[in-house]
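Since the structure comes first, as structure tokens, the remarks are kept for the end.
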Amino acid sequence: MTDLESDDSLLLEFEDDDSESISNIDAPTDSKATHLDSDFANIPPHNVDTDDSEFDIDESQFSEDDLEDDYLVFPIKKTTKDLLDEDSLPSLKYECLTTQEIFDSMKRRVHHLQPVFSLPPQDILILMQRYDWNEERLLEEWTEKMDNLLIESGLNTSGESDGRGVKNGKEFFCPICCEEILTETFSLECGHEYCIDCYRHYIKDRLNHGKIITCMDCSLALKNEDIDQIMGGASSVKLMDSSIKSFIRKHSNSYKWCPYTDCKCIIHLKDTLSLQEYSRLHASRFVTCSMGHSFCFGCGFEIHAPADCRVTDQWVKKARLECENLNWVLSHTKECPRCSVNIEKNGGCNHMVCSSCRHEFCWICGGDWAPHGSSFYQCAIYKNEDKNKLVADTPKKTLRRYAFFYKMFTEHEVSAKLDWKLGETVGFKVKGLQEKIGVSWIEGQFLTESLKTLNEGRTALKWSFAVAYYSDPSHNLTKIFIDNQGLLSNAVESLSELLQIKSPEVIMKRRTEFYNKAGYVKNRTKALLECGRDLLRKGISKARE
Amino acid sequence: MSRAAKEYKTITKVLKEGDEVYSQLIVGMEPKEDLTRWEALIRGPSGTPYEGCNFRLHLSLPQEYPMSPPYVKFEPYAMPHANVDFRTGEICLDILTKQHWSPAWDLLHVVQAIGQLLDEPVSSSPLNVDIANILKANDMNAYYGLVHYYIKS
């Protein structure tokens, strides 16, 4: 472990030197800016918005959770935490909400506004709806044209509430359905009275439109209490829900639906100012909803660091175009390089052992495993063989180059999926530890943590190939980036192998190994992400057609 | 059904006795087969290129009427108007959409609204782009000329 760590720190230092010198040469303002950024990041994230406390629930919860994890189960993480604080990015302030929660906060706003309008809350709710829940615009218009605003919004200005509401059963001729029957009726102050059945039909259709519902014959608005009175139960909730949904559609810059199937979470990004900072640094705004789904706030795609949204977009589009060309190359089975038995990969690790001839080989390059294991992981390097010959890129060669990177990308994607399956067994393993050896649940969490780290490492590795594909291969930083890929790849493989162990006794015996390897993967992941961002920031890696 | 019957009574009454608003516009209006399909003949409003001509409207009531708006079309290939599709006779009018329709309105309201549309075409939401463009350019001669050309042929 000590060996690895010193190796790691050396490399980090080297990177720092490098970036420093580059920024000094061609962009002196850049280094200044990074200093400013780190200042910004050093401000504790909690002391900002203290005035509207209802808006910062999730952020604080988040970091507390993280901290708890740190101290209880994952001692190594403390150092990584420190490293993260030096990150030059402003922390993202966002919260995960449901439509109901947004509506509740709107209701609180209504309560705050009440003294300004001195109207019943129900009426203010109508005004807010009319102005798409935009408080500032509403207040502005209100100071300009008070009474007209009320009339335009369909609120009764006469002050009388005579005739409003449901009236008891009587013999009534309804001009809508033209039936004369004994029925309940409803009307607003305007006196346009219709039978309750017609009103129900009328409202039912409109609950999903998210707009104020008015009297059938004039512009007087129905309030939520009227709707509930007519429809019974809490039907107005449905109208508020659709109104909030249309509000979200109109504010898609700061509100996004979680893209996962059937997830009803909405992410609200609070400081849109940090967005500019993020895109300037080629970092992406990754958010996690309260169901644990992580995605990129910018493009709605999965976590794609170190690639930024542009690279991701280009890469995915390219993959779609090229996939038919390449699919035949990348079949899911491979022959054992020694005995030619067909082998299907059933675990995330690239260290293959042929079940028939016991030959150990690397899944990616098909070479012997022995040189991979302890020393440098050769497979993550794309060797530019014809480097010395200055030949223009022929289409065939570009395709070959792309094929390599695409292959690496999909290898890690498939591995990630297999790791995901592996993850399903980790729960059982933790349970096994509890039942067979009597390890407490909390102590067994190092397995879950390791798996999480493994997944994060894999995702970063996967997307790093998209960045590498678009990088200038001759640049020094690209070489460092590829070295970093190799190191992370190595770390991920060895952690993945560790997680395949089935026997609970062995797992407990090698527990420190889990800690160390997971910690190492974490550090390597972070180094790769930073390096990738540098590539993008300095324009060495550029998305192009 | 009683709603349709009621409308039938009102419409025949209005047409027989004459009404200030409607008799100017409506030449004739009667149900086809049953009370869910109607045909109306309307007079081109004076002061418009449609003056002196009559236009046929087809109205049909959906099952959910009056909760849903009626379907209304002009006779195909007969109505050159910025908000009418010339080939199908389809009309672009907000009150005929489900979102804006109110059950308190009836067929007479609809016909009246269409008469108003003939008087005041909305060039910003065109179904007939040629005419809408001419209107936007405010070229009245071309507007009259084009409409007359279509009507006469």
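The values are calculated or read from the model by the stated rules, or taken from the named source; none is laboratory data. Just so you know, these numbers come straight off a predicted model, no measurement behind them. Backbone-built Cβ (ideal geometry, glycine too); neighbour counts: all protein chains shown.
Table for the structure above
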quantity: Filtered residue count, the stretch A:204-240, keeping only those that are within 21 Å of A:GLN100 (Cα to Cα), among the β-branched types (Val, Ile, Thr) and in a helix (DSSP H, G or I); calculated: 2
quantity: Selected residue (criterion: surrounded by the fewest Cβ atoms within 10 Å (Cβ to Cβ)) from residues of the stretch A:205-224 that are polar (S, T, N, Q) and in contact (Cβ under 8 Å) with a residue 60 or more places away in the chain; calculated: A:SER219
quantity: Wholly enclosed helices (runs of 4 or more DSSP H) of the stretch A:435-545 bearing at least 1 residues closer than 17 Å to A:HIS304 by Cα; calculated: A:441-469, A:476-499, A:511-537
quantity: The stretch A:169-190 residues that are within 14 Å of another protein chain (Cβ to nearest Cβ) and farther than 22 Å from A:ILE213 by Cα, paired with ones that are of a type in the set (Ser, Thr, Tyr) and buried (at least 18 other Cβ atoms within 10 Å of the Cβ) (beta carbon under 7 Å, 6 or more apart); calculated: A:PHE172/A:THR183; A:PHE172/A:THR185
quantity: Residue in the stretch A:489-505 that is within 27 Å of A:ALA403 (Cβ to Cβ) and under 22 Å from the mean Cα position of the chain (by Cα) present; calculated: no
quantity: Only one of A:LYS204, A:LYS245 that is touching a helix residue (DSSP H, G or I) at 6+ places or on another chain (Cβ under 9 Å), within 11 Å of another protein chain (Cβ to nearest Cβ), under 30 Å from A:ILE151 (Cβ atoms) and not hydroxyl-bearing (Ser, Thr, Tyr); calculated: A:LYS204
quantity: Single unsatisfied condition, B:ALA104 versus (1) aliphatic (A, V, I, L, M); (2) in a loop (DSSP other than H, G, I, E, B); (3) surrounded by 20 or more Cβ atoms within 10 Å (Cβ to Cβ); (4) within 14 Å of chain A (Cβ to nearest Cβ); calculated: (3)
quantity: Lone qualifier among A:GLN122, A:GLN114 - being touching a Lys or Arg at 6+ places or on another chain (Cβ under 9 Å) and either in a helix (DSSP H, G or I) or in the same structural domain as A:PHE295 (by TED's automatic domain parsing) (or both); calculated: A:GLN122
quantity: Subset of the stretch B:66-101 (residues that are of a type in the set (D, E, K, R), surrounded by 15 or more Cβ atoms within 10 Å (Cβ to Cβ) and more than 24 Å from B:GLN24 (Cα to Cα)); calculated: B:ASP85
quantity: Boolean, A:ILE267 is away from chain B (no Cβ under 14 Å) and within 21 Å of A:THR312 (Cβ to Cβ); calculated: yes
quantity: A:SER496 vs. criteria buried (at least 17 other Cβ atoms within 10 Å of the Cβ), under 26 Å from A:ALA370 (Cα atoms) and touching a Cys at 6+ places or on another chain (Cβ under 8 Å); calculated: yes
quantity: Subset of the stretch A:457-482 that is in contact with a Ser or Thr (Cβ under 9 Å, 6 or more places away or on another chain) and charged (D, E, K, R) - its residue that is surrounded by the most Cβ atoms within 10 Å (Cβ to Cβ); calculated: A:ARG458
quantity: Subset of the stretch A:186-243 (residues that are among the β-branched types (Val, Ile, Thr) and more than 21 Å from A:PRO120 (Cβ to Cβ)); calculated: A:ILE196
quantity: Every residue from the stretch A:135-168 that is of a type in the set (Lys, Arg) and touching a residue at least 24 places away in the same chain (Cβ under 8 Å); calculated: A:ARG164, A:LYS167
quantity: Some residue of the stretch A:113-131 being of a type in the set (Gly, Ala, Ser) and within 20 Å of A:ASP226 (Cβ to Cβ); calculated: no
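Each row is one residue, and each column tells you yes or no for (1) modelled with pLDDT under 90; (2) more than 20 Å from B:LEU146 (Cβ to Cβ); (3) touching a Ser or Thr at 6+ places or on another chain (Cβ under 6 Å).
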| residue | (1), (2), (3) |
| --- | --- |
| B:ALA40 | no, yes, no |
| B:TYR50 | no, no, no |
| B:PRO62 | no, yes, yes |
| B:TYR65 | yes, yes, no |
| B:GLN99 | yes, yes, no |
